[in-house]
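This report concerns only the one structure given below.
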Amino acid sequence: MKVAMFGTGYVGLVTGTCLAEIGHDVTCVDVDAGRIARLERGEIPIYEPGLASLVQANAGAGRLRFTTDPSAALHDVAIVFIAVGTPPTQDGGADLTQVFDAARTIGTYLSGDAIVVSKSTVPVGTAERVASIIDEVLARRGVAFDVDVASNPEFLKEGAAVKDCMHPDRIVIGASRASTIQSLRRLYAPFVRNHDRFVEMDARSAELTKYAANALLATKISFMNEMSRIAEQVGADIEQVRLGIGPDPRIGWHFIYAGAGYGGACFPKDVLALAHAARDAQVPADLLAAVHAVNDAQKRHLYALMARHYGGAPTGKVVAIWGAAFKPNTDDIRGAPALTLIEQLWAVGAWVRVYDPKALKELQRFYGTRDDLTLCDSAAEALEDCDALAVLTEWREFRSPDLALMRERIRDRVMFDGRNIYDPAEIEDAGIAYFGVGRGRSLVP
């Protein structure tokens, strides 16, 4: 099938590339000329494992193209995806400007009948508004193409997006026409040869499904983080609690790790957007508000542990930070707990030395050059001339640290483990004080 993809962010670029990989003819459209130029040169603007080689291979084979010209992408197209950003508004809602701009562009340049698919995370009723916009523009052009708008939310995890796209656990299709559902089934069929993983529903239910999924996962994280705060105060270890509840199939092992809070482009904005939509519908959303509040507080908790250890603000201290990305296997720092800690430290006159395997360029772009920020080329370099270590992202290379080197370089011999990836006893046996999330701390000599 001939496919047009509006948007070349995580969702658009990954989905478009994977569709090309299974044989479809895909053209990705973006208003960012610089981004398109980079993609045409084979440069990938985001870090996502496995993506670069797929983009280069499919572009080389002629199945994947990039352009700023929507008319070229929409000529004789069968399926058009809208996969643009929906950033939060000041009041927590979803800003649909890019979605509606894409709809107007589609209406302006579409050359025939097509299916338009909303891939962006959008409030309930957006597919209907997109359809209305396209119809209005077509009417002004004096043409009457048959255009059906469907909802097909994405469920891609950053750091595993290619795998999630090529081997989905489900494909949600929200549409009322049987012909649209069948077309989307054919489009995605190579991804689900072994099992029928399609879930069919109406567009409004599909739009809510995406928000419900992210809100529920965020709720599990905030619940465990709240339990971690209780564990600290009553002398329990949240990691032992996790091992005690995980085997229950009603609870499961996923998303029950306590830590420094969730970040990224999805969970924070989607929880707020769903709460905003609930308020608009005059439905109380107390749980969603609590999920957000708990996460916001959790991002500040590691600093509170530092202040408790030092008996006050760590003014003048040099803190090494391992991990700036909100999760491993990505360079995405949006909403990352590391940013909260860094800014708290700067506010009291502390200095930071940061190492992250992939996110340093993004950190440099975000903060620019500062005297109190040093970007380091390795985890070991970050420990030079530091007073304390804070671990904010669970990259694999951090899991087996050189404890002797840590004891030698960390002047105050203290670690703050924001992801609970270390054994407290092992760290303390090396002569380093250990503070985790919800784990307490044993005294060291």
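The requirement of being at pLDDT 95 or above and closer than 11 Å to residue 322 by Cα is not satisfied by residue 372.
Here's the yes/no breakdown for (1) in contact (Cβ under 8 Å) with a residue 12 or more places away in the chain; (2) under 21 Å from residue 34 (Cβ atoms); (3) of a type in the set (A, V, I, L, M, F, W, C):
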{"site": "67", "(1), (2), (3)": "yes, yes, no"}
{"site": "74", "(1), (2), (3)": "yes, no, yes"}
{"site": "78", "(1), (2), (3)": "yes, no, yes"}
{"site": "92", "(1), (2), (3)": "yes, no, no"}
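The set of residues in the stretch 97-142 being open to solvent by 20 Å² or more (accessible area, probe 1.4 Å), under 30 Å from residue 289 (Cα atoms) and either in contact (Cβ under 8 Å) with a residue 40 or more places away in the chain or hydrophobic (A, V, I, L, M, F, W, C) (or both) consists of 98, 100, 123, 124, 128.
Look through the stretch 174-188, keep the residues that are of a type in the set (Gly, Ala, Ser) and farther than 16 Å from residue 205 by Cβ, and return whichever of them is surrounded by the most Cβ atoms within 10 Å (Cβ to Cβ). Let's see the steps before the verdict.
Step one: filter the stretch 174-188 for residues of a type in the set (Gly, Ala, Ser), giving 174-176, 178-179, 183.
Checking the rest, the ones that are also farther than 16 Å from residue 205 by Cβ come to 178-179, 183.
On the way: 178: 9, 179: 11, 183: 21.
Out of the qualifying residues, it is 183.
Of the set (1) open to solvent by 30 Å² or more (accessible area, probe 1.4 Å); (2) touching a residue at least 60 places away in the same chain (Cβ under 8 Å); (3) over 24 Å from the mean Cα position of the chain (by Cα), all apply to residue 88 but (3).
Residues are listed down the side, and each one gets a yes or a no for (1) buried (at least 20 other Cβ atoms within 10 Å of the Cβ); (2) over 21 Å from the mean Cα position of the chain (by Cα); (3) under 26 Å from residue 327 (Cβ atoms):
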{"residue": "13", "(1), (2), (3)": "yes, no, yes"}
{"residue": "18", "(1), (2), (3)": "yes, no, yes"}
{"residue": "26", "(1), (2), (3)": "yes, yes, no"}
{"residue": "35", "(1), (2), (3)": "no, no, yes"}
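Show me the helices (runs of 4 or more DSSP H) found entirely inside the stretch 245-314 where at least 2 residues are surrounded by 19 or more Cβ atoms within 10 Å (Cβ to Cβ) and among the aromatic types (Phe, Trp, Tyr).
Numbers: elements: 267-280, 286-299, 301-310.
In the stretch 245-314, there are no helices (runs of 4 or more DSSP H) which contain 2 or more residues that are surrounded by 19 or more Cβ atoms within 10 Å (Cβ to Cβ) and among the aromatic types (Phe, Trp, Tyr).
In the stretch 160-173, which residue that is touching an Asp or Glu at 6+ places or on another chain (Cβ under 7 Å) and part of a helix (DSSP H, G or I) is surrounded by the most Cβ atoms within 10 Å (Cβ to Cβ)? Among those that are touching an Asp or Glu at 6+ places or on another chain (Cβ under 7 Å) and part of a helix (DSSP H, G or I), it is 161. Out of all the residues in the stretch 52-85, which are open to solvent by less than 30 Å² (accessible area, probe 1.4 Å) and of a type in the set (Asp, Glu)? Within the stretch 52-85, no residue meets the criteria.
I'd like the residue in the stretch 194-238 that is outside any helix (DSSP H, G or I) and among the aliphatic types (A, V, I, L, M) and, out of all such residues, is modelled with the lowest pLDDT. Out of the qualifying residues, it is 236.
The values are calculated or read from the model by the stated rules, or taken from the named source; none is laboratory data. Keep in mind it's a predicted model, so treat the numbers as computed, not measured. For neighbour counting, all protein chains shown are included, and Cβ atoms are generated from backbone atoms with ideal geometry for every residue, glycine included. What goes into the accessible areas is simple: the full protein's heavy atoms, side chains included, and nothing from ligands, DNA or RNA. Shrake-Rupley method; radii C 1.70, N 1.55, O 1.52, S 1.80 Å.
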